[in-house]
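Student: Sharing a structure here in structure tokens format.
The values are calculated or read from the model by the stated rules, or taken from the named source; none is laboratory data. Model, not experiment: these values are computed from the prediction. So basically every Cβ, Gly included, is an ideal-geometry build from the backbone, and we count neighbours across all protein chains shown.
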Amino acid sequence: MEVQETRVQTDRVLTIPNILSMARLVGVPVFLWLILRPEFGGPKSDGWALLVLAFSGISDYLDGKLARRWNQISNLGRLLDPAADRLYVLSTLVGLTWREILPVWLTALLLARELMLLVMVGILRRHGYPPPQVNFLGKAATFNLMYAFPLLLLSDGSTWIASVASVFGWAFAGWGTTLYWWAGVLYVVQVRRLVRADAMAD
């Protein structure tokens, strides 16, 4: 993540990139419901859950690309995009941990990183800085996790496909978690430098 300001090019709300981000947000509770249906006596809907997650990944790529190409970067878009990323990660963690596909320790590790960033955002706001921008490292971490989660969902079975999905799913999960924390640590370093600079200026 980066703390620097990105130039806002439009104040419009109903742009194509923002609509894509809003659609991703609407998909979060749908995705969680599809994952948890078996836990409440319903049929497994993992295939539909994977489709929702695939749509999330495609729209995540498109909203940023289209916003830059069509000069539609907006304050709302800067909030919606990372919010949708984090909510998908959170909902997937809840669903997969509930179904005992993910171990509790991995979920705790990822949630601890999110808590750390929330604290850093609070510090930034107290010093008058805007919410952070998502940089390449943070996006790479999210993409790795977004690959890991559907593969781990596919690994919930006894077929050869489930075995292969488990291997690749855990590989992506390992890389994603490492990059997630790496991006978080870099963000903490940036916040610390900003706070120190403010203190020296005073």
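Student: Would you mention how many residues in the stretch 130-170 are out of contact with any helix residue (DSSP H, G or I) (no Cβ under 8 Å at 6 or more places or on another chain) and under 26 Å from G47 (Cβ atoms)?
Tutor: The total comes to 7.
Student: Return the total of residues in the stretch 77-88 being surrounded by 19 or more Cβ atoms within 10 Å (Cβ to Cβ) and touching a helix residue (DSSP H, G or I) at 6+ places or on another chain (Cβ under 6 Å).
Tutor: Qualifying residue count, the stretch 77-88: 6.
Student: For W33, are the conditions met, namely being aromatic (F, W, Y) and crowded, with 17+ Cβ neighbours inside 10 Å?
Tutor: yes
Student: Inspect all residues belonging to the stretch 40-57 and state whether any of them is farther than 21 Å from L102 by Cα and either assigned to a helix (DSSP H, G or I) or hydrophobic (A, V, I, L, M, F, W, C) (or both).
Tutor: Yes, the stretch 40-57 contains a residue that is farther than 21 Å from L102 by Cα and either assigned to a helix (DSSP H, G or I) or hydrophobic (A, V, I, L, M, F, W, C) (or both).
Student: If you don't mind, there's one more thing I want to ask. Taking the stated definitions as given, is R113 touching a Gly at 6+ places or on another chain (Cβ under 7 Å) and within 30 Å of P38 (Cβ to Cβ)?
Tutor: The answer is yes for R113.
Student: R37: among the charged types (D, E, K, R) and modelled with pLDDT of 80 or more, yes or no?
Tutor: For R37, the condition - among the charged types (D, E, K, R) and modelled with pLDDT of 80 or more - is met.
Student: With T107, T97, T92 as the choices, which residue is farther than 16 Å from S21 by Cβ and touching a residue at least 24 places away in the same chain (Cβ under 8 Å)?
Tutor: Details: T107 fails: touching a residue at least 24 places away in the same chain (Cβ under 8 Å); T97 fails: touching a residue at least 24 places away in the same chain (Cβ under 8 Å).
After ruling out the rest, the residue left standing is T92.
Student: Report yes if G64 is of a type in the set (G, A, S), at pLDDT 85 or above and more than 14 Å from T92 (Cα to Cα), otherwise no.
Tutor: On the way: of a type in the set (G, A, S): yes; at pLDDT 85 or above: no; more than 14 Å from T92 (Cα to Cα): yes.
So G64 does not fit the description; no.
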